[in-house]
Amino acid sequence: MKTFLLLLIVCAITALAQTKEGDTANGKRLFERNGCYQCHGYVGQGGTAGARLAQTKLPLAAFTAYVRNPASGGMPPFRAKVMSDQELADVYAYIKTFPEPKPAKDIPLLNQ
């Protein structure tokens, strides 16, 4: 299993080396078109069905590897036939624009 994951990461890095920098406008369109927001929220806040994406520390290669082959029982895999490496780079670029969440002290309801 570890060998498979290592091979997967190496393949993703090789493919991404040929990928241009992400287009945030196209990334937003793809994020909405492919329904990513349904589980991850419109600003990547996450929820019961999807992980928080805002302020992710994952590099693009790891993000792509996970989206292509997510853990079983989680999100569906988005293979290259569904979203190309360039499209995933665009989605990643869009995700990187998500703002940091407000600190709890700045949310009135949490301070009552």
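The values are calculated or read from the model by the stated rules, or taken from the named source; none is laboratory data. This is a predicted model, so every value here is computed, not measured. Here the Cβ positions follow ideal geometry from the backbone for every residue, glycine too, while neighbour counts run over all protein chains shown.
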Could you check how many residues of segment 60-71 are over 12 Å from GLY22 (Cβ atoms), surrounded by 14 or more Cβ atoms within 10 Å (Cβ to Cβ) and either of a type outside the set (D, E, K, R) or modelled with pLDDT under 95 (or both)?
-> 7
Test set (1) loosely packed, with under 12 Cβ neighbours inside 10 Å; (2) free of Cβ contacts under 8 Å to residues at least 24 places away in the same chain; (3) not aliphatic (A, V, I, L, M) - PRO99 fails condition number = (2)
Output the residues belonging to segment 72-96 that are closer than 20 Å to THR48 by Cβ and exposed (fewer than 13 other Cβ atoms within 10 Å of the Cβ).
-> SER72, GLY73, GLY74, PRO76
Give GLU87, GLU100 a once-over and let me know the one that is modelled with pLDDT under 95 and of a type in the set (D, E, K, R).
-> GLU100
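Here is a yes/no grid of residues against (1) touching a Ser or Thr at 6+ places or on another chain (Cβ under 7 Å); (2) at pLDDT below 90; (3) basic (Lys, Arg):
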position	(1), (2), (3)
CYS11	no, yes, no
GLN38	no, no, no
LYS57	no, no, yes
MET75	no, no, no
Could you list, in sequence order, all residues of segment 65-105 that are of a type in the set (D, E, K, R), outside any loop (DSSP other than H, G, I, E, B) and within 19 Å of GLY44 (Cα to Cα)?
-> ARG68, GLU87, ASP90
Out of GLY50, GLY44, report the one residue that is on the phi > 0 side of the Ramachandran plot, buried (at least 17 other Cβ atoms within 10 Å of the Cβ) and out of contact with any Asp or Glu (no Cβ under 7 Å at 6 or more places or on another chain).
-> GLY44
